[in-house]
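Coordinate-derived values only; no laboratory data. As the structure is a computational prediction, the values presented were derived from the model and not from experiment. All Cβ positions, glycine included, derive from the backbone under ideal geometry; neighbour counts span all protein chains shown.
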Amino acid sequence: MRSLWLTVALAFVLWAIMFSPVTSGYVNFWWMMTGSALILSGVSNYLNPGWWRGLNFSPINVLLGVVIAVALWGVFWIGEWCSTMLFDFARPQVDNIYGMKEGESQWLLTFLMLFLIGPAEEIYWRGYVQKNLSLRWGANWGFVITTLIYGVVHASSCNFMLTMAAIVAGAAWGLLYRFFPERFTAIIISHAIWDVAVFIWFPI
């Protein structure tokens, strides 16, 4: 468990560098995000070798991944509409999130999110952190703690909407992993597709 908590501490540092208003101006967010996700997934692969043997890119898993991504996009569309109606700060904070892609190649961002960032995040957060916390403290606590950590690491952005988005998305993927760990491949696919859908293909 010590190794796991060290990786979580590393995640806090990396996320703070890329999201904090104090440091974010000194790094390219997308390359920092890609590097951070790959570092954490690489460390988790070292600490949990052979996890990839359970992956299964069957047609049903691919289809499930797409369906989950579409459903989650719908949840966020409804959530954005409701939050905009309730809070004056909601839309400006959402616009700040989308501002991170200004000046970047849409094709490059699509590639990074679809093939590197999305999969790497799931490999680390659900495939390593939630899996090992569940083995230690039970599936329910593993889900809850991982979801909270996933949300809190985004708090350094000082963006309430981003932090809540991370908690909601993390809860969705975490809950699916809690009850259907055998569908981990579909969860990875859903994260990758949702990332691209919400940022590039169909912005909310």
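Roughly how many Å is it from the Cα centre of the range 1-15 to that of the range 130-204, as a whole number?
So the separation of the two Cα centres works out to 16 Å.
Given the options A71, A11, A192, which has the most mean-square fluctuation in a GNM of the chain, springs set between C-alpha atoms less than 10 angstrom apart?
Sorting by GNM fluctuation, first place goes to A71.
Angle between the Cα long axis of helix 160-179 and the longest principal axis of the chain, 0 to 90 degrees, nearest 10?
20 degrees
Based solely on its DSSP helices, what 222 nm [θ] is calculated for the chain when runs of n ≥ 4 H residues each add -39,500 (n - 2.57) and the sum is averaged over all residues, nearest 500 deg cm²/dmol? Provide the component values of the computation, followed by the final result.
On the way: 10 runs with 141 residues, N = 204.
The helix contribution divided over the chain gives -22500 deg cm²/dmol.
Just to be sure I understand: with springs between alpha-carbon atoms less than 10 Å apart, which residue in P59, P119, P181 has the highest mean-square fluctuation in the Gaussian network model of the chain?
P59
Using only Cα atoms, tell me the angle between helix 59-86 and the longest principal axis of the chain; keep it within 0 to 90° and round to the nearest 10.
Helix 59-86 sits at roughly 40 degrees to that axis.
Taking semi-axes √(5λ) of the Cα gyration tensor in Å as the quantity of interest, determine which of (i) 34, 17, 16; (ii) 25, 20, 17; (iii) 39, 19, 11 was computed from the displayed structure.
(ii)
With a sphere of radius 10 Å drawn around the Cβ of M161, what net charge do the other residues whose Cβ falls strictly inside it have (Lys, Arg +1; Asp, Glu -1)?
Details: positive: R91; negative: E80, D95.
So the environment of M161 carries a net charge of -1.
Kindly put E80, E122, E182, E104 in sequence by how many other C-beta atoms sit within 10 Å of each C-beta, fewest to most. All intermediate terms of the calculation are to be shown ahead of the outcome.
Details: E80 17, E122 24, E182 11, E104 14.
Neighbour counts put them in this order, fewest first: E182, E104, E80, E122.
What do you get for chymotrypsin sites (Phe, Trp or Tyr not before Pro) in the range 86-170 restricted to DSSP loop and a cutoff of at most 16 other Cβ within 10 Å of the site's Cβ? Can you show the working numbers first?
Numbers: sites: F87, F89, Y98, W107, F111, F115, Y124, W125, Y128, W137, W141, F143, Y150, F160; in loops: F87, F89.
Answer by residue number: F87, F89.
What is the helix-to-structure angle for 139-152, meaning the angle in degrees between its Cα long axis and the longest Cα principal axis of the chain, kept from 0 to 90 and rounded to the nearest 10?
The answer is roughly 30 degrees.
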